[in-house]
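Peer 1: This structure is in structure tokens; I'll ask about it shortly.
Just so it is clear, none of the values below were taken in a lab; they were calculated from the coordinates. This is a predicted model, so every value here is computed, not measured. Glycine also receives a Cβ, built like all others from the backbone with ideal geometry; neighbour counts cover every protein chain displayed.
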Amino acid sequence: MCEIKRRDKFFISVSVSVFILIFVLVPMETTHPKRSLALAAASAPEEPETAPFLGVVDPLRPYDSKRLYEDTRTLARFYPEALSVTSIGQSVLGKEIPLLKLGRGERHVLWVGALHAREVMTCAYLLLMAEEYANAYCTSAPYDTYAADKVQWLLDEFTVYLVPMANPDGVDVVTAKGSACVPINTRETWKANANGVNLNRNFPFDWESNTYDGFPNNYLNNKGPSPASEPETLALIALSESEDFEFLVSCHCSGQVLYWRDNKNGVVPGDEFLAQTISGLTGYTMLPSTKIALNGWAGGLENWFRCQYNRPAICLELGLLDTADAVTMAKFYSAEMLNWSVNKNMIWEVLCKISN
Ligand SMILES: [Zn+2]
């Protein structure tokens, strides 16, 4: 008799637990950031390749412009105190180029991703940092070794402008069978925008020195018909002109190195400090000052930014592979690619160092 009662109690207790799990906790995960953080932390696996995500940004699924649009809106809805979303303009094919503003501070800094289409992993990298940082801010939680009060202070002091996908048409060619205005050769290695222009060769900085003018290759080194001929280039220029950015970091994929100075601009105040800060965190090599225009500084975003504002601008080559095939994309968290366990602190670390 006593045994039966115990069994009944056990079944009742299991039923109640299952009810709570299904009808109370699971719905909370999609609507309550703090709960989401706790669940993610509790289920954290040891293998970084399968690390959890808080609920919005899944970096193992390659981004396209549509999912970026949806996820940026969701993030802004989840974390209105920390994040807002707007647009810096439209691509050749009329797709929005989203801008996330993370933080509420008066000091502004700019991070750009996926200027090169196949390096779309940089989009997920910036978005995942945005989600985790906003979550830490909104839940008054510490982040890795950064104390909760430091997290609060940094996002009250700075606003981090994030353009996670500067080239949405190009990314869609790679990950969503998107179209272009020129013939598409190999989707997985496509770098250019829909006009076949390499946007990092299109900025109005010594553009003429790129002697690949008229080069028939439509996806690698085509600098475009004139400086700033592309709407994506113009959108980034307009954003830079409208804000007083202290520095720019443009994220690319391949090499685990930093391009931080070029011979055409020479020394820019603070350039070495910013490069050393990122190199100190990541272990990436600071390359010597770029010595040639061709495939060097001609038409480059960061080179143009240095010239225009006399402020630091870095081309940050994350990871070792710059293809966007499924095998590479699955390596997001690994040391070979985004090295998430270290590089997730990138923006905190830079803001801490420049605020000291
Ligand atoms: Zn690149």
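Peer 1: Quote to one decimal, in nm, the extra length available between residue 145 and residue 272 on full extension: 0.36 nm per residue of separation minus the C-alpha distance between them.
Peer 2: 43.3 nm
Peer 1: Give the shape of segment 235-349 as rounded, prolate or oblate, defined through the alpha-carbon gyration tensor: a ≥ b ≥ c are the square roots of its eigenvalues, a/c under 1.5 means rounded, and otherwise the shape is prolate if a/b is larger than b/c and oblate if not.
Peer 2: prolate
Peer 1: Calculate the spin-label point distance for residue 325 paired with residue 157, positioning each point 7 Å from the Cα along the beta-carbon direction, and give it in nanometres.
Peer 2: With each label placed 7 Å out from Cα toward Cβ, I get 4.5 nm.
Peer 1: Would you please put 167-173, 134-140, 237-243 in order of how densely packed they are, using the mean number of other Cβ atoms within 10 angstrom per residue and starting with the highest?
Peer 2: Taking the mean over residues of other Cβ atoms within 10 Å, the ranking is 167-173, 134-140, 237-243.
Peer 1: Can you list the equivalent-ellipsoid semi-axes of segment 214-279, largest first and in whole Å, using the square root of 5 times each Cα gyration tensor eigenvalue?
Peer 2: Largest first, segment 214-279 gives 25, 18, 12 Å.
Peer 1: If you don't mind, another one. Once the piece of chain linking residue 285 and residue 189 is laid out straight, how much longer is it, given 0.36 nm per residue of separation minus the C-alpha distance between them?
Peer 2: Here the segment from residue 285 to residue 189 would lengthen by 32.1 nm.
Peer 1: Which semi-axes, in whole Å and largest first, does the equivalent ellipsoid of segment 52-355 have when worked out from the alpha carbon gyration tensor as the square roots of 5 times its eigenvalues?
Peer 2: 28, 22, 18
Peer 1: Taking the Cβ-Cβ separation of residue 209 and residue 229 as r and a Förster radius of 25 Å, what is the calculated FRET efficiency to the nearest 0.05?
Peer 2: Step by step, r from the Cβ atoms, then E = 0.95.
Peer 1: A follow-up question, please. Would you mind pulling out the separation of the Cα centroids of segment 55-131 and segment 222-270, in Å?
Peer 2: 18 Å
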